[in-house]
């Protein structure tokens, strides 16, 4: 015959019918009990001094409790030998459990010592005698005031459909849950960064129609730089965003799911119920699906705890209590700590920005938005640049020494102007040097000329005048001239002198004379 447990309501009904004068057999027949069962409860009531003539006035909760306690059965079957063995090794078992040793491992350690105890017996002993498996009591956390708190979490979702190259990409999602109404918003993303966290918050404020007063995140690196139960360090860009939108950040503790219990187990639900089985081609399709699910499916399904539709609950009680929704998009900034190189440039978002010479080789704090890039040294603003595209440079000429900047910018006019300070002819000689087609060679010629000017000063101007008069534009020859202090003669055309063998025609005009040959025979 199966054992049937009699409830307190049934015991109370037995006593009520008896005090009303109903016989025991009819009571047993009406309630489906055995007569002996009814007799046992009535005997316990009579032992308390209650008689049938007292009527219903004698029936109270104390009497029912006393009858139930008096008729309660024993503790069940007696303990076996295994329980006795467990009692004998109580200290051994308790000591290992205090050091967080698994109970199955404790059974193995006992077996090594020759003690054989069934695991079921060992577990019952640990549960009953040593408090094993009894966690701290769970007390439900009270809900907040309407529109006060929203909890967020993030997790992996499903794979998108193959792209043109046959590859599938898995995406994540930011999940927002209003604490009071349990209304939910899902924002799919590819990367969990501070930028996507701000984008998700902006989309959430538009979805909810306002900003919640308190944001409760977990310790994701996109929001919390350093976790701490009392004073966590918030990522600077996200803290600045919270200041702009007017809400505060109250982070949950590490490995304490009860701190954000409203959103803790939502990742599997969103993954399976919202995206499970869906064929999504892109992240935009995931956004459309998530919004529809939040409004029409989850939002219109009765919540098991509140017993209300989350969407209607939110519209009725929370929307009016939210802060005003943003009207302009938020310019997401970039915070970084670039180091100023020896060339006085610091890299921010793959672009280069010039800094004054005194900050060379130092690490500064930089903030870049869509318009400006600001550099800070221990909280003090030291430089502001307009934002330039990646790969470009923003240069402030005042940051560099004049000569270094002119050289870097190939500014030959700057060095020509310096040459003119040493004399008029030195300046004219410099202008003649830069007239050549070679960009860097002529710059080096100017450097050579300025070196000579600093060394020889006034003597160089005279040498340059002589060189210009002779149309000689050569720095090395000019250097030899100024060293020897040689003055070049102006250039004149060379005239070929008359040859010595040339004679005037008059010298060749000799008179013709007849010579008479002597006749020696005649003389004889």
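We did not get these values from a lab; they are worked out from the coordinates using the rules stated. Values in this document were obtained by computation on a predicted structure and should not be read as measured data. Positions of Cβ are generated from backbone atoms using ideal geometry, with glycine treated the same way; all protein chains shown enter the neighbour counts.
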Practice task
Over every pair of different alpha-carbon atoms in region 301-449, take the mean of 1/r and invert it; report that Kirkwood radius in Å.
Solution key: 20.2 Å
Exercise for the section: May I ask for the angle, rounded to the nearest 10°, between helix 458-469 and the longest principal axis of the chain, with both axes built from Cα atoms and the value confined to 0 to 90°? Expected result: 70 degrees
Handout entry: Efficiency of FRET from Cβ geometry, residue 358 and residue 468, R₀ 60 Å, rounded to 0.05
Key = 0.90
Practice task
Work the Kirkwood hydrodynamic radius out for region 8-71: mean of 1/r over every pair of different alpha-carbon atoms, inverted, in Å.
Solution key: 11.4 Å
Exercise for the section: For region 228-364, build the convex hull from the C-alpha positions and give me its volume per residue in Å³. Expected result: 214 Å³
Completion exercise
Quick calc, residue 250 & residue 397: beta-carbon distance into FRET formula, R0 41 Å, rounding 0.05, result 0.25
Exercise for the section: Starting from the Cα-Cα distance between residue 148 and residue 455, subtract it from 0.36 nm times their residue separation and give me the gain in nm to one decimal. Expected result: 102.7 nm
Handout entry: Where N is the number of residues in region 404-484, Cα Rg divided by 2.2 N^0.38 Å
Key = 1.00
Fill in the blank from the handout: At 37 °C and 0.692 mPa s, the Stokes-Einstein diffusion coefficient in µm²/s for the chain, with hydrodynamic radius from the Kirkwood sum on alpha carbon pairs, is 93 µm²/s
Handout entry: Global geometry of region 379-419, whether rounded, prolate or oblate, following the gyration tensor of its Cα atoms and the 1.5 cut on a/c
Key = oblate
Problem - Cα centroid separation, region 417-439 to region 290-364 (Å) - result: 58 Å
Completion exercise
Computed curve, region 334-400, Cα-only Debye sum without solvent term, log₁₀ I(q)/I(0) at 0.12, 0.22, 0.23, 0.26 Å⁻¹, is -0.23, -0.85, -0.94, -1.23
Problem - Separation in nanometres of the label points that stand 7 Å from Cα toward Cβ, at residue 424 and residue 281 - result: 8.0 nm
Problem - Extension gain, residue 26 back to residue 343 (0.36 nm per residue minus Cα-Cα distance, nm) - result: 103.5 nm
Exercise for the section: Largest first and in whole Å, give the semi-axes of region 203-257's equivalent ellipsoid, each being the square root of 5 times a Cα gyration tensor eigenvalue. Expected result: 21, 13, 9
Practice task
May I ask you to sort 380, 258 by Cβ crowding, counting other Cβ atoms within 10 Å and putting the fewest first?
Solution key: 380, 258
Practice task
Treat each spin label as a single point 7 Å out from the Cα along the C-beta direction, and report the residue 484 to residue 92 distance in nm.
Solution key: 11.2 nm
Exercise for the section: Please work out whether region 39-121 counts as rounded, prolate or oblate from its C-alpha gyration tensor, where a ≥ b ≥ c are the square roots of the eigenvalues and a/c under 1.5 means rounded, while otherwise a/b larger than b/c means prolate and anything else oblate? Expected result: prolate
Exercise for the section: Take every Cα pair under 8 Å in the chain that's 6+ residues apart, average their separations, divide by the length, and report that relative contact order as a whole percent. Expected result: 8 percent
Practice task
Any chance you could run the full-extension gain for residue 170 through residue 101? It's 0.36 nm times the residue separation minus the Cα-Cα distance, nm to one decimal.
Solution key: 21.0 nm
Problem - Folded to 0 to 90 degrees: helix 194-208 orientation relative to the chain principal axis, Cα - result: 50 degrees
Exercise for the section: First measure r as the distance between the Cβ atoms of residue 321 and residue 380, then evaluate 1/(1 + (r/R0)^6) with R0 = 56 Å and state the FRET efficiency to the nearest 0.05. Expected result: 0.90
Completion exercise
Rounded to the nearest 5, the percent of antiparallel DSSP beta bridges in the chain equals 85 percent
Completion exercise
If one compares the long axis through the Cα atoms of helix 119-129 with the longest principal axis of the Cα atoms of the chain, the angle in degrees, nearest 10, works out at 80 degrees
